[in-house]
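The values are calculated or read from the model by the stated rules, or taken from the named source; none is laboratory data. Worth saying up front: this structure is predicted, and the values here are computed from it rather than measured. For neighbour counting, all protein chains shown are included, and Cβ atoms are generated from backbone atoms with ideal geometry for every residue, glycine included.
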Amino acid sequence: MSYQEQEHNSDHERSQFWRSHLEAWSGTGLSQAEYCRRNHLKPNRFTYWKKKLKQENYSIEFVQLPEFPVKTVSPPGSDKASFSPYCRSHQVCP
């Protein structure tokens, strides 16, 4: 097994270790400090992994906004206003 494979495996094992502790802690009703004390864990590492694993659970998704008609207003003194069915909000409409 290569060094990179070993490192990846140990990262995975470390992640699983902390994930299992975080899941166990969430059902205890104990404070983080008390849980760490009882399980001989460093509180700063517990907090680090709690934040790290929480971030991994969030995914970013972009969605396309639909096109919509935009009202364009004529210069002052004109009574005309129009709607453009193909104008997007980030464009300057004619």
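Check whether at least one residue in the range 36-48 is out of contact with any Leu (no Cβ under 9 Å at 6 or more places or on another chain), loosely packed, with under 10 Cβ neighbours inside 10 Å, at pLDDT 95 or above and in a helix (DSSP H, G or I), and report yes or no. There is at least one residue in the range 36-48 that is out of contact with any Leu (no Cβ under 9 Å at 6 or more places or on another chain), loosely packed, with under 10 Cβ neighbours inside 10 Å, at pLDDT 95 or above and in a helix (DSSP H, G or I). Would you check which residues across the range 1-35 are in a loop (DSSP other than H, G, I, E, B) and modelled with pLDDT under 90 and list them? Within the range 1-35, Met1, Ser2, Gly27 meet the criteria.
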